[in-house]
């Protein structure tokens, strides 16, 4: 094997074994990490050599971890509501008494929580234009109205 090919193979193997990460502090004291060299004005630049790990033969599969985390979240929500886990997904039944609280399904409750969080975030954000934020807030509120209508709740 010619020496150049051996050198190229050795270089390729050494590049795949480590990922180079740069750490630096900007003028405001904020610490940054990146795969590209820091800007010239960076304070205290460092090069971190982090060994990389190969991906398993079947690829990265975290489905089991995700299912376990979802189940743990459901159990926690059930405990917080004081109901068994099976109650989280019970079908909607008409309320005999108007004062009885409405049971909202688990996925819909998650969607409501996410939409309310998004509305709060957009309301306090300065990112984008005021018009674009207002449009996103209206869209989120429309989604909330659809979910509430599904359960017979007037927003």
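Each value in this text was obtained by applying a stated rule to the coordinates, not by laboratory testing. Here the structure is a predicted model, which is why all the values come from computation and not from measurement. Every residue, glycine among them, receives a Cβ derived from its backbone with ideal geometry; neighbour counts consider all protein chains shown.
Between residue 81 and residue 124, what is the FRET efficiency for a Förster distance of 25 Å, r being their Cβ-Cβ separation, to the nearest 0.05? Once the sixth-power term is evaluated, E becomes 0.30.
Each of 77, 120 was scored by other Cβ atoms within 10 Å of its Cβ. Listed from fewest to most, they are 120, 77. Once the Cβ-Cβ distance of residue 99 and residue 151 is raised to the sixth power relative to R0 = 22 Å, the FRET efficiency obtained is 0.90. A simple spin-label model places pseudo-atoms 7 Å from Cα toward Cβ; at residue 25 and residue 69 they are separated by 3.2 nm.
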